[in-house]
1. Just need a number here: residues in the range 145-180 that are surrounded by fewer than 22 Cβ atoms within 10 Å (Cβ to Cβ), among the charged types (D, E, K, R) and within 20 Å of residue 221 (Cβ to Cβ).
2. Return yes or no: is residue 231 touching a Phe, Trp or Tyr at 6+ places or on another chain (Cβ under 8 Å), among the β-branched types (Val, Ile, Thr) and either surrounded by fewer than 15 Cβ atoms within 10 Å (Cβ to Cβ) or closer than 28 Å to residue 80 by Cα (or both)?
3. For the range 85-107, give me the residue count where each residue is part of a loop (DSSP other than H, G, I, E, B) and more than 22 Å from residue 125 (Cα to Cα).
4. Among (1) assigned to a strand (DSSP E or B); (2) within 23 Å of residue 56 (Cβ to Cβ), where does residue 172 come up short?
5. I need every pair where a residue in the range 219-236 that is on the phi > 0 side of the Ramachandran plot and touching a residue at least 12 places away in the same chain (Cβ under 8 Å) has its Cβ under 9 Å from the Cβ of a residue that is assigned to a strand (DSSP E or B) and not acidic (Asp, Glu), sequence separation at least 6 or different chains.
6. Given 76, 44, which one is modelled with pLDDT under 95, surrounded by fewer than 12 Cβ atoms within 10 Å (Cβ to Cβ) and within 14 Å of the chain's Cα centre (by Cα)?
7. When you look at residue 217, is it within 30 Å of residue 8 (Cα to Cα), of a type outside the set (Asp, Glu) and either assigned to a loop (DSSP other than H, G, I, E, B) or out of contact with any strand residue (DSSP E or B) (no Cβ under 6 Å at 6 or more places or on another chain) (or both), yes or no?
8. Would a scan of the range 112-127 turn up a residue that is surrounded by fewer than 20 Cβ atoms within 10 Å (Cβ to Cβ), over 21 Å from residue 40 (Cα atoms) and in contact with an Asp or Glu (Cβ under 8 Å, 6 or more places away or on another chain)?
Amino acid sequence: MAHKNGLLPQPDAVAELGPGDSLGIGLAALISGADKYYAFDVVEYASNKRNIEIFDELINFFKKKVNIPDETEFPEIKPFLKSYEFPKHILTDEHLDKALKQDRIEAIRKALLHLGGANRNNIQISYVVPWTDSKVIKDGSVDMIYSQAVLEHVENLSDTYGILYRWLKPGGFMSHQIDLRCHGTAKEWNGHWAYSDFVWKMIKGKRPFLLNRHPHSIHLELLQKCGFEIICDIKFKNTTGIQRKHLASGFKNMSDDDLTTSGAFIQSIKK
């Protein structure tokens, strides 16, 4: 999608918000040619043993140029692609020959086993949990930041977008899939917008995070306020949820578009 939208074709330094129990996407980025990968989470989920297993499997996929898993295997990964063939037009034979050199693969493996360090090939993997200090990455040092169903959980979204803007180099970009559904807190997919702030606080309890309940338009507004240019905004629509009359007072002025937008895939660039 980044290639289709004319964004930086081969990022050197990538950062991921909320990798969860696997650093797989970041490892794929490193195998693809990136040299630095930063992973940030609120709670430590990742298992080194599992990550090594995923890394070995990914190497095999790249060497054999296995097709991308499609919507049958991962129906929640949106937007769906027109083609799930291995992206040979991006990862050319010449590029892969360099990226998959044995000494480079072993350098990635070493960095994975010793998170936070750098080795002779300048490969670096940093796994930061919890991340509370924006200075963990130098301003203007990252090419690409991405997340998969994470930004709907971030409590202080405005500050987070501001930090991500500072981290990116000029011309760097972000790619985020945002799941705006209720995550099991209501019967209807958008039922979380029917709860008052007090009721929502009770539902959240002592959990470190749940949902920020921001609709699609707030994400766009905050991105643009921070200085990002929106390059791609694909909305996923669902009209089967609660109606406007059931919205809590804090969401009464929500637009019809927001009320029926259950998720979005947004790519933006730092000019």
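The values are calculated or read from the model by the stated rules, or taken from the named source; none is laboratory data. Remember, predicted model here, so these are calculated numbers, not experimental data. For neighbour counting, all protein chains shown are included, and Cβ atoms are generated from backbone atoms with ideal geometry for every residue, glycine included.
1. Summing the residues that are surrounded by fewer than 22 Cβ atoms within 10 Å (Cβ to Cβ), among the charged types (D, E, K, R) and within 20 Å of residue 221 (Cβ to Cβ) in the range 145-180 gives 4.
2. Against the criterion (touching a Phe, Trp or Tyr at 6+ places or on another chain (Cβ under 8 Å), among the β-branched types (Val, Ile, Thr) and either surrounded by fewer than 15 Cβ atoms within 10 Å (Cβ to Cβ) or closer than 28 Å to residue 80 by Cα (or both)), residue 231 qualifies.
3. 7
4. With (1) assigned to a strand (DSSP E or B); (2) within 23 Å of residue 56 (Cβ to Cβ) applied to residue 172, the lone miss is (2).
5. 227/270
6. Working: 44 fails: within 14 Å of the chain's Cα centre (by Cα).
When all the criteria are applied, what remains is 76.
7. Numbers: within 30 Å of residue 8 (Cα to Cα): yes; of a type outside the set (Asp, Glu): yes; either assigned to a loop (DSSP other than H, G, I, E, B) or out of contact with any strand residue (DSSP E or B) (no Cβ under 6 Å at 6 or more places or on another chain) (or both): yes.
Answer is yes for this residue.
8. Yes: the range 112-127 contains one or more residues that are surrounded by fewer than 20 Cβ atoms within 10 Å (Cβ to Cβ), over 21 Å from residue 40 (Cα atoms) and in contact with an Asp or Glu (Cβ under 8 Å, 6 or more places away or on another chain).
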